[in-house]
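**Q** Submitted below is the structure of interest, expressed as structure tokens.
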Amino acid sequence: MQHKFSQKRIESIMTSLGGIQPAVAPDFFYTRLKGKMQPAAEKKTIFLLRPAFVTATLAVLFIVNVISLLQTDKAAKPDSTAVYNINSKPATIESFAAAYNMNNTSVYE
Amino acid sequence: MTEQELLFGLRHGEESAFKELVTRFQDKVFNTALGLLQHHTEAEDIAQEVFIQVYRSIQNFKGESLLSTWIYRITVTKSLDHLRSKKRKKRFGFLSSLFGDNNIPLYEPEDFNHPGVLQEKKEDAAILFKVIDLLPENQRTAFILNKVEDLSYREIAAILNTTESAVDSLLQRAKGNLRKKLNELPP
């Protein structure tokens, strides 16, 4: 069977790491390392500024606003099906003041 | 700065101590990672991860071994983990190429040239690194630590948490396997 390398070449390959000099870390290694080690707090802030997070937050706020507007609108409309109660009075400023004991009384009385 | 002073500074979060540690070990860590990974950018990434790990877990270092042994151990573990994950991706890449439109493999390994190899031996060293890549993990680690990082049997035994005779055995088997693989290469 024929081989790619002769025994002499294999010996040469096997000893090819003789006299090897150690590789040196790239320039600015420490600076890059410090950049990678940025504090977790900073990362958290960056996360909060991510477009996806900002868009999602705004979307949620928009939906909440729409829902609350619809609810308010529904509550403000007079209920045509409701039976009129003769005892119920329309809310006036006077009745509101009376309910909260805010009648116009003077301390001199 | 002595090792004790360095450790004291690191445990108290002193930046000057960390900078001293990086300056002292960056070449050793990078050279070991480069030998194992055979890729400059990946070796730099792993070297950075090693120092981050050292910074975060310095409180767990009990001083039962030398600081250098502990750092080498982290380097070897991280490099081998990275190689395993790369192999998984390689397998996935092969599958993708099987099912993809073209049959070009996604991960074509390039010849690795270690910057410290003598000019006249570069071609042979590139072939040797190619077959080193085929060795089992423990043999490859022992071989790289011995031949590339020039560590003694005692130092390698401490890093691999084994005996010197076991390291000798690993190196003999590694050399035997390398010769065998070089013989088996087709013409």
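The values are calculated or read from the model by the stated rules, or taken from the named source; none is laboratory data. As the structure is a prediction and not an experimental result, all values here were calculated from the model. Every residue, glycine among them, receives a Cβ derived from its backbone with ideal geometry; neighbour counts consider all protein chains shown. Just the protein is used for accessible areas: all its heavy atoms, side chains included, with ligands, DNA and RNA removed. Shrake-Rupley method; radii C 1.70, N 1.55, O 1.52, S 1.80 Å.
**Q** Kindly list the number of the only condition in (1) open to solvent by 80 Å² or more (accessible area, probe 1.4 Å); (2) within 14 Å of chain A (Cβ to nearest Cβ); (3) not in a helix (DSSP H, G or I) that fails for B:Gly13.
**A** That leaves (1) as the condition not met.
**Q** Looking only at the stretch B:22-57, filter to residues that are more than 10 Å from every other protein chain (Cβ to nearest Cβ) and farther than 20 Å from B:Val148 by Cβ; which one of those is surrounded by the most Cβ atoms within 10 Å (Cβ to Cβ)?
**A** Only one residue fits best here, namely B:Val54.
Let's see how each residue does on (1) part of a loop (DSSP other than H, G, I, E, B); (2) open to solvent by 90 Å² or more (accessible area, probe 1.4 Å); (3) modelled with pLDDT of 90 or more:
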residue: A:Gly18; (1), (2), (3): yes, no, yes
residue: A:Ala23; (1), (2), (3): yes, no, yes
residue: A:Thr45; (1), (2), (3): no, no, no
residue: A:Thr81; (1), (2), (3): yes, yes, no
residue: A:Asn85; (1), (2), (3): yes, no, no
residue: A:Lys89; (1), (2), (3): yes, yes, no
residue: A:Asn101; (1), (2), (3): yes, yes, no
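**Q** Identify, please: which residue in the stretch B:119-141 is β-branched (Val, Ile, Thr) and under 13 Å from the mean Cα position of the chain (by Cα) and is, among those, nearest to the other protein chains (Cβ to nearest Cβ)? Talk me through it step by step, then tell me what you get.
**A** First pass over the stretch B:119-141, keeping only residues β-branched (Val, Ile, Thr): B:127, B:131-132, B:141.
Subset that is under 13 Å from the mean Cα position of the chain (by Cα): B:132, B:141.
On the way: B:Ile132: 9, B:Thr141: 15 Å.
Ranking the qualifying residues of the stretch B:119-141, first place goes to B:Ile132.
**Q** From the list B:Lys62, B:Lys89, exactly one residue is in a loop (DSSP other than H, G, I, E, B) and among the basic types (Lys, Arg). Which is it?
**A** B:Lys62
**Q** For the stretch A:2-16, enumerate the residues that are facing another protein chain (nearest Cβ under 7 Å) and open to solvent by less than 70 Å² (accessible area, probe 1.4 Å).
**A** A:Phe5, A:Ile10, A:Ser12, A:Ile13, A:Met14, A:Ser16
**Q** Looking at (1) part of a helix (DSSP H, G or I); (2) at pLDDT below 90, which is the only condition B:Asn102 fails?
**A** Going through (1) part of a helix (DSSP H, G or I); (2) at pLDDT below 90 one by one, B:Asn102 breaks only (1).
Listed here are the residues, each with its yes/no results for (1) aliphatic (A, V, I, L, M); (2) under 17 Å from A:Ser16 (Cα atoms); (3) modelled with pLDDT of 95 or more.
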site: B:Pro136; (1), (2), (3): no, no, yes
site: B:Asn146; (1), (2), (3): no, yes, yes
site: B:Glu149; (1), (2), (3): no, yes, yes
site: B:Ala157; (1), (2), (3): yes, no, yes
site: B:Asp168; (1), (2), (3): no, no, yes
site: B:Lys175; (1), (2), (3): no, yes, yes
site: B:Leu178; (1), (2), (3): yes, yes, yes
site: B:Leu182; (1), (2), (3): yes, yes, no
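**Q** Can you tell me which residue is surrounded by the most Cβ atoms within 10 Å (Cβ to Cβ) among those in the stretch B:160-187 that are outside any helix (DSSP H, G or I) and in contact with a Lys or Arg (Cβ under 7 Å, 6 or more places away or on another chain)?
**A** Once the filter is applied, the top-ranked residue is B:Leu185.
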